[in-house]
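Just so it is clear, none of the values below were taken in a lab; they were calculated from the coordinates. From a predicted model like this one, the values you see are computed outputs, not experimental measurements.
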């Protein structure tokens, strides 16, 4: 029987036979080794305000070159970027090596750019590309940000953190059971948040999805836990709108108000998004 290779990047630890691809669609067994299939294959590039990531307490008023590849190790039915996060190597891409990415980022400094943000899909599943580009960006005096679901093994996180200046981490839900249904793991994300906060600027985003992450009781516990890291850790509570496979009506504004009011009992900086 052919031996399988085990992917080390996240808790799924996909066991893959030769030629097979993991559940994230961006890593696979090639020649007996687990490799990134998305390295340098970019689906989206844009110069964005940092507030769009969102970062409200970091480099305000500046712009950052945002870059995405393809794939994600979660499968949220309400995904807002499913066109690139829920596809694999069939995605339409352009080749953008780390050196060229850093070169473009440098050229855009004249337009207010401060560096590069790895976003749109899940950057941690293609951590090698992020790491290689981040080293070059730092050498040029530019900043590096990640917008991530935070679902990677500690070993991967430790390889990246020396080259990351800011992270916005999605905290999908405070329910471990509901996290599992999304393909994620609450404890992994909590570790990522607490560990990253010791190394770089961190902001957290929770999308208030009906029946998944709109419980006032859960928000009270979530914000209370975040406050143990820092009462000044920014929390973005974003309003859900129907996307991809989920057609539930948008989150009521009254619910958003209650969630924000609850979080503000624990945290200094709470922002309502998509309202």
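What the Cα atoms of the range 42-173 give is an Rg and a Dmax of 13.9, 40 Å. In µm²/s, what is D for the range 224-267 at 37 °C and 0.692 mPa s, where D = kT/(6 pi eta Rh) by Stokes-Einstein and Rh is the Kirkwood radius from Cα pairs? Once the numbers are plugged in, D ends up at 275 µm²/s. By the equivalent-ellipsoid construction on the alpha carbon gyration tensor, the range 29-118 comes out with semi-axes of 26, 18, 10 Å, ordered largest to smallest.
Using alpha carbons only, what's the Rg to Rh ratio of the chain with Rh from Kirkwood?
Working: Rg = 18.2 Å, Rh = 19.0 Å.
Expressed as Rg/Rh, it is 0.96.
Counting DSSP beta bridges with both partners in the chain, what percentage is antiparallel, nearest 5? Mind dumping the intermediate values first?
Working: 16 of 42 bridges.
Percent antiparallel among DSSP bridges in the chain is about 40.
When the P(r) of the range 197-244 is calculated, the portion above 15 Å amounts to 49% of the C-alpha pairs. Normalising the average separation of contacting C-alpha pairs (under 8 angstrom, six or more residues apart) by the number of residues puts the relative contact order of the chain at 14 percent. For the range 136-204, the C-alpha radius of gyration sits at 1.17 times the compact-globule guess of 2.2 N^0.38 Å, with N the residue count.
Tell me what the chain gives for mean residue ellipticity at 222 nm when only DSSP H runs of n ≥ 4 count, each as -39,500 (n - 2.57), the sum divided by the residue total, rounded to 500 deg cm²/dmol. Walk me through the numbers before you get to the answer.
On the way: 8 runs with 76 residues, N = 275.
Helix-only estimate at 222 nm: -8000 deg cm²/dmol.
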